[in-house]
1. Cα centroid distance between the range B:288-334 and the range A:220-291, in Å?
2. So if I average 1/r over every pair of distinct C-alpha atoms in the range B:99-161 and take the inverse, what Kirkwood radius in Å does that give?
3. Measuring label to label, 7 Å along Cα→Cβ, what does residue B:151 give against each other copy in nm, shortest first?
4. I need the shape label for the range A:222-392. Rule: rounded when a/c is under 1.5, else prolate if a/b > b/c, else oblate, with a, b, c from the alpha carbon gyration tensor.
5. Just rank A:69, A:375, fewest to most, by other beta-carbon atoms within 10 angstrom.
6. If I take R0 = 30 Å and measure r between the Cβ atoms of residue A:192 and residue A:247 in this structure, what FRET efficiency does the formula 1/(1 + (r/R0)^6) give, to the nearest 0.05?
7. 7 Å along Cα→Cβ for the label point: how many nanometres lie between residue B:392 and each equivalent label in the other copies, listed shortest first?
8. I need B:111, A:289 ordered by Cβ neighbour count within 10 Å, fewest first.
């Protein structure tokens with residue numbers, strides 16, 4: 001029962017200073033308009049409990065910062081119609097940038113979630129020096145930032161997505177087995193390449209960011225009853241991102257979600273991590289290609305775009321090619337054997353298939369669901385549904401862009417007051 | 001970006017009615033005294049931002065309800081010394097009651113965490129009709145409630161702990177493989193046996209409750225930096241309870257933590273769930289006893305108290321008995337193989353050994369830690385420490401009692417105003 005001073009839920013109602021109070025109220029109004037939709041100042045006051053004069057002043061500042069704008073007049077209002085206030089999408093953008101085993105990707109999203117620019121280039125990262133890869137990625141990021149400026153927008157931040165163990169606080173990549181990278185200070189190196197920009201640069205685990213994007217996707221599709229998801233990102237490596245009770249599960253040191261290295265396959269091959277029997281040796285993209293194709297088959301070529309290669313696999317599966325179908329069924333079953341472990345431990349509402357698992361989902365889903373039914377101890381798989389993400393290989397970059405935008409929703413003063421001016 | 005009305009973090013600051021406002025303020029004051037320690041009314045007012053007259057009125061009501069009491073005078077205060085207000089332990093108790101494979105247990109804790117009564121009786125539950133087991137448990141609960149009354153206290157609630165899949169909302173036990181119970185409405189049946197009492201009766205998964213108790217234990221030992229733990233409860237079955245980011249991880253339907261059925265041991269025996277290769281077939285108490293003892297060895301007898309049986313195993317291990325030591329090393333290694341999966345997925349600050357794993361921890365810990373070092377992909381096991389719980393087989397009942405008390409801290413009006421009167 002002894003408790004230290006540090007945690008006092010609900011107590012410690014210390015008076016906030018005026019600056020932080022104003023910042024908080026700006027955030028309340030901005031998030032309310034995002035979530036509840038465009039509405040009049042009077043309605044915002046009524047919804048939030050803030051008084052009307054305060055709301056007018058807060059909205060004026062948010063318009064100044066390019067985050068809100070006046071929209072159409074209120075329809076059907078009695079008396080003088082109020083002007084509706086709506087989210088200003090153009091003013092501010094978040095950028096997500098991904099380094100993966102065989103591609104780089106960048107996306108910029110504006111405040112309303114619209115895609116401003118999206119690029120993916122095939123690159124054999126595992127066989128390239130990290131500094132060359134970072135050079136290439138910096139070039140893509142600069143193009144995205146330029147595209148944001150060109151439409152009158154401001155870049156709120158850049159988030160790097162990497163398939164590895166990340167120390168978010170220091171911006172350090174500890175280990176990315178499939179890239180062959182160890183102890184790379186990716187944030188520092190990227191900041192230097194971007195000319196030490198004014199906007200923040202962050203790094204996070206690729207599967208964590210993809211899980212955030214997939215969680216938004218599932219909530220839009222299913223409503224707010226979804227609170228727990230597990231996202232599986234299938235590429236050469238396999239990552240897991242988990243949202244539990246509505247929050248990203250990061251773990252004590254930020255190293256959660258290393259599902260690719262569950263020792264489920266005693267007969268599996270040697271993994272990028274140096275061990276044998278890891279889950280990704282039987283369900284990763286390389287495992288599928290090794291089973292489905294010959295060594296000189298062009299779909300194995302990492303210099304080709306991964307979606308083109310998967311389109312070819314899809315074509316063969318649709319044509320009924322026995323070897324392809326057998327390989328897909330085999331991967332689907334292994335996917336279920338590891339998936340059942342995750343479902344038994346975490347009992348998610350939804351197991352989301354991301355990356356290549358989503359693309360080839362039509363062939364993976366049935367053996368996967370069957371393995372889960374057989375192996376999950378709770379009746380009917382504990383109520384867990386298997387759903388293919390529509391985000392494909394863009395989930396991580398979208399999640400990265402979203403994290404940068406989330407910071408603006410939490411603290412709108414991060415955006416300069418000239419944002420709207422630039423847009424005009 | 002489309003969002004439904006349901007989730008509006010930070011917005012929707014709707015004016016609370018007076019009753020709920022008062023209830024909330026009672027909770028703020030009560031929790032503040034619990035967490036920050038005994039202090040004067042003036043100090044409570046300063047700490048919480050509530051005005052002094054309100055604090056006096058709130059404290060008076062909490063004293064009336066038997067939750068706070070006046071303690072000694074403030075030491076070294078300038079001017080008129082203030083009376084210190086402190087938690088009144090005696091007034092209110094929570095009761096936890098556990099059904100496990102080979103024992104029943106009951107504990108009552110008072111508001112300050114003191115044990116009022118603690119009982120454990122060996123019982124071969126798996127071979128007994130559920131209604132007889134519930135009869136026996138009801139008798140133990142009535143004894144605990146009587147002990148609480150005898151010292152002038154009020155029972156705030158009873159929480160049943162069961163090693164199985166629980167639907168908390170309906171009080172239904174869906175499935176407990178090791179008890180052989182299916183679809184038992186345990187809360188309804190227990191309420192009927194207790195004569196439909198005024199206090200609430202709940203049911204929760206045994207490992208979840210044990211994890212809550214272990215989480216409090218780790219925070220007391222290590223301070224508030226611990227936010228993520230995995231508790232392994234070792235009995236005939238093996239359960240997992242997880243706290244992530246400071247919150248119990250329940251999963252989408254409350255069926256999380258079924259770690260005992262991870263298929264890690266292709267050569268394992270047949271599990272209570274009907275499958276082969278489940279983790280608990282190689283690390284459960286039965287697995288240890290089968291390896292370490294002959295079939296007619298009295299330590300296998302479930303009618304003897306489990307702690308006595310484990311004391312005998314401990315004696316043999318300390319005496320250097322080769323068969324016992326080999327069995328313990330084997331179980332420790334398997335514990336690490338499954339433990340590494342959990343650590344890779346969840347990256348806890350602490351992996352807590354509970355139940356029989358805690359008792360025999362001195363022999364299990366080294367092979368377990370070695371397996372985790374080898375198999376966890378993050379450097380140095382992702383910073384995860386292995387710690388033996390001191391709560392032994394009382395963790396689940398303590399967690400159950402705690403949950404009932406937590407409700408009182410959240411809403412002190414759950415306790416009648418006559419509580420203090422009874423105590424005098």
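1. If you average the Cα positions of each part, the centres end up 37 Å apart.
2. One decimal place: 12.4 Å for the Kirkwood radius.
3. So the label point of residue B:151 gives 6.7 nm to the other copies.
4. Prolate is the answer for the range A:222-392, as a/c is 1.5 or above and a/b outweighs b/c.
5. Final ranking by Cβ density, sparse to dense: A:69, A:375.
6. After rounding, the FRET efficiency stands at 0.35.
7. Residue B:392 label point versus its equivalents elsewhere: 6.1 nm.
8. A:289, B:111
Every number here is computed from the coordinates shown, using simple stated rules; none is lab data. Bear in mind that the values here come from a model prediction, so they are computed numbers and not experimental data. Using ideal geometry, Cβ is built from the backbone for each residue, glycine included, and neighbour counts are taken over all protein chains shown.
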